[in-house]
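Before any comments, here is the structure.
The values are calculated or read from the model by the stated rules, or taken from the named source; none is laboratory data. Quick caveat: nothing in here was measured; it's all calculated off a predicted structure. Here the Cβ positions follow ideal geometry from the backbone for every residue, glycine too, while neighbour counts run over all protein chains shown. These area figures cover heavy atoms from the full protein model, side chains too; ligands, DNA and RNA do not enter into them. Shrake-Rupley method; radii C 1.70, N 1.55, O 1.52, S 1.80 Å.
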Amino acid sequence: MNNQKNKRTILEKLFPKQLPTIEAIEKRYPPRKLKEGAMVTRIAPSPTGFMHIGGIYTALISERLAHQTDGVFYLRIEDTDKKREVEGASNLIASALKSYNINTDEGQTTSGTEIGSYGPYKQSKRTEIYQAYAKLLVEKGLAYPCFSSNEELEEIHKIQAVRGIKPGYYQQWAKWRDKSDQEILIALDGKREFVIRFKSCGNINNKIFVNDIVLGGRELPENDQDMVIIKSDGLPTYHMAHIIDDHLMRTTHVIRGNEWFSSLPLHLQLFRTMGWQAPKYGHIFPIQKIENSSKRKLSKRKDPEANVAYYTEQGYPEDAVIEYLLNLANSNFENWRKANPDKNNREFLLTQKKLSGSSGPLFDFDKLNDTSKGIIARYSAEEVYEKALSWTNKYDPELAKTMKKDADYTKKILNIERNSGTGGRKDIAKWFDVRTEIEYFFDQNFNITKDTAVHLLSNIDSATIKTVVDSFIKSYNEKDSKEEWFEKIKKISKTHDYAENMKIFKENPERYKGNITDIARIFRVLLTGKIQTPDLYSIMQTMGKDRVLSRLSLLI
């Protein structure tokens, strides 16, 4: 009788607050009514003030898998580590998902409110739920209070290191695992700080087989660690919180970083102990980069591209980043896009089998830029103008002012070599590039010097440059068709001993000073200050006769 009384007293002291019953909790979170095969997935970041591109990558995979099966994708905020939490970070996470069109069905919204029937979706607001289940485990002898101090834990670790044995709190090293009720009561009465530990029944020498949806079948050692499930502040650890939440929120599939793979035996053990069916796990490798001929994962301290904010600041369109990440997730996306240039990328079927399970996807700026150029090439001039203006308003207000002052002229500039297909100009990878690609069209930004022109045209003598320009000015008619304009360029080339095309030049290079591209370069440099630009005829048509003649005469 005293033994029963002691156990009740211990439970009352460990959990002094009135907690909901397990029956009431389970009733509050009933199984979801979804069609067979529908996935329930989630993204569950910590609000530490930094949204990693890897978080967007994981969220994208999870969201697509759920919505492709008519399932549910939700956002859960794992904010039980109050020391690392940054104010406002939860809204930042919700905003990042929304801006990248990763649609959440439940969880926190950008306004800070929540939607969905399985909340609260912030773990800090679910403390009583975790404690109710922890209390049940203690009551059943499957968990226990541990009063070991940090100094005692460090001492245990030192001894294990000296002896060369596995570190941790387990078996004979778990000092409070088999303490009597009386010893526990004495510690509680002494107001000693404690945590709640799970009492593992595992044996490290046993193996368990897991079928990871990304990594495939693997063998892992059984968990024998008595891990902390409730911290001294009353909040749960990740291990405890996520298995309870995934059970109650009826999660069917968990996509997460492979750094958690070694913890899988513990998590499966916890699910089994609670009598619940575990979700299917898929552990993906982190996005990596090459440094000094070796791979390493993107670091938020070393790599600006690790931060989602970087892509916004540089002006990468969100759909370009998403398409790049889709290609990292499933390498066949690139071929799908080539075969379906006009389709929404949501029509691409992301598959679990093609998720990289052998090594991490490599981050490649060249590939990202090519992807982004292809995306922007499919925009209309009006779309490019609006999107670029939205970016410049915040990040380049001087250029924004110029663009707004003469919007029609700016749109004509952006319309050069642009169409609705995939063959449009591909010189803009991000909105940061817009200044370089359009500023020379505006007289206040065009400031080429004679020295610069001479340097860029160093293969042509100044006398030839002058006579070529004079000839062009005399014959120039802005109403000429492109064919008529080109014939005049060819005629000028022949007159000055330059081959009218590359074929003729290659057949007899010794007969000519150069070829028609050298002549065209004269006009390109004098008009734009560049040696590479979009179509020269279109540039002249856009600039207009007065600007063309003024610039050609400027340095001659």
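Annotations for the structure displayed:
- Check on residue 92, open to solvent by 40 Å² or more (accessible area, probe 1.4 Å) and touching a residue at least 60 places away in the same chain (Cβ under 8 Å): no
- Top-ranked residue of region 407-453 - restricted to ones that are open to solvent by 80 Å² or more (accessible area, probe 1.4 Å), assigned to a helix (DSSP H, G or I) and of a type in the set (Asp, Glu), ranked as modelled with the highest pLDDT: 408
- Here region 21-77 is the region considered, the condition is being under 16 Å from residue 279 (Cβ atoms) and among the aromatic types (Phe, Trp, Tyr), and the residue that is surrounded by the most Cβ atoms within 10 Å (Cβ to Cβ) is 74.
- Residues in region 213-229 that are open to solvent by 30 Å² or more (accessible area, probe 1.4 Å) and in a strand (DSSP E or B) were compared, and the one that is nearest to residue 148 (Cα to Cα) is 228.
Rundown of residues vs (1) touching a strand residue (DSSP E or B) at 6+ places or on another chain (Cβ under 6 Å); (2) not hydroxyl-bearing (Ser, Thr, Tyr), yes/no style:
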site	(1), (2)
123	no, yes
133	no, no
137	yes, yes
147	no, yes
164	no, yes
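- Selected residue (criterion: nearest to residue 444 (Cα to Cα)) from residues of region 498-556 that are aromatic (Phe, Trp, Tyr) and open to solvent by less than 50 Å² (accessible area, probe 1.4 Å): 523
- The criterion of at least 2 residues that are open to solvent by less than 20 Å² (accessible area, probe 1.4 Å) and touching a Ser or Thr at 6+ places or on another chain (Cβ under 6 Å) is met, among helices (runs of 4 or more DSSP H) falling completely within region 321-406, by 397-405.
- Flag for residue 135 being surrounded by 17 or more Cβ atoms within 10 Å (Cβ to Cβ) and either within 30 Å of residue 247 (Cα to Cα) or modelled with pLDDT of 95 or more (or both): yes
- Looking at 166, 191, 158, just one residue is within 23 Å of residue 236 (Cβ to Cβ) and open to solvent by 20 Å² or more (accessible area, probe 1.4 Å), and that residue is 191.
- Residue in region 96-111 that is at negative phi, among the acidic types (Asp, Glu), part of a loop (DSSP other than H, G, I, E, B) and touching an Asp or Glu at 6+ places or on another chain (Cβ under 8 Å) present: no
- Qualifying positions in region 454-482 - part of a helix (DSSP H, G or I), charged (D, E, K, R) and more than 47 Å from the chain's Cα centre (by Cα): 466, 470, 474
- All positions within region 10-34 that are under 18 Å from residue 117 (Cβ atoms) and part of a loop (DSSP other than H, G, I, E, B): 20, 29, 30, 31, 32, 33, 34
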